[in-house]
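Right, one structure below, let's go through it.
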Amino acid sequence: MEDDAPGEESAPLSGEENLAIRIKLERESRGWGTNAVSDRLNAAGYEMNPSAVWRIENRKRRVNLDEAIGFAEIFGLSLENLVGPPKLAAHARAMELVEYVRRAYREVHRANLAFTQARDALDAYLQQHPDIRDEVDAAVSHAIAEETTRLPQPHELHHPGTPPGGDDPRPEPGT
């Protein structure tokens, strides 16, 4: 999508704003009217009339989680994709990679918290046993150095992880 959609801003929008824009974009790209969307939602078990679809698209009505799931289902999209930035709607690969980065960041954050907790526990122990601090510090430094040599280096990674869809998460050549 080269141009901004009507009402679309260039700054990131909230998930709810994104959802309203995306519902309209997805509906229009399929050539569906609000009646068709309503019919599909109702057939999938999500009660909604055409007027509600119009109000959602025009930000006159909020969408609850069950309804958002219903919209994702009838459009054949993940919920994350549907609430993602509208400009990325035509770039599913970008959305997969954004999700991959988010999950990797979360893993790094959890690992950092675990490291901090382990180090705090060790420091608390060493406050009670200051006579072994030098030996423990040397052992920790040695253990970390050993781990560092065992960890794969970035140039050694062929497939560091797989985002949804099973594609190699590295950028495509020329992108």
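The values are calculated or read from the model by the stated rules, or taken from the named source; none is laboratory data. In this text, all values refer to a predicted model and were calculated from it rather than measured experimentally. Here the Cβ is made from the backbone with ideal geometry for all residues, glycine too, and neighbour counts use every protein chain on show. For the accessible areas, the whole protein counts, side chains as well, though only heavy atoms, and no ligand, DNA or RNA atoms are used. Shrake-Rupley method; radii C 1.70, N 1.55, O 1.52, S 1.80 Å.
The table that follows gives values for the structure above.
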| quantity | calculated |
| --- | --- |
| Extension reserve of the R103-L65 stretch, reckoned as 0.36 nm per residue once the Cα distance is removed | 11.5 nm |
| Area accessible to solvent at W54, 1.4 Å probe radius, in Å² | 130 |
| Extension gain (nm, one decimal) between D134 and A36, 0.36 nm per residue minus Cα-Cα | 28.1 nm |
| Rounded accessible area of V108 (nearest 10 Å², 1.4 Å probe) | 80 |
| Å² per residue, accessible surface of the range 18-116 at 1.4 Å | 57 |
| A124-E156 FRET efficiency (beta carbon distance; Förster radius 41 Å; 0.05 resolution) | 0.65 |
| Rounded to the nearest 10 Å², the accessible area of Y46 at probe 1.4 Å | 50 |
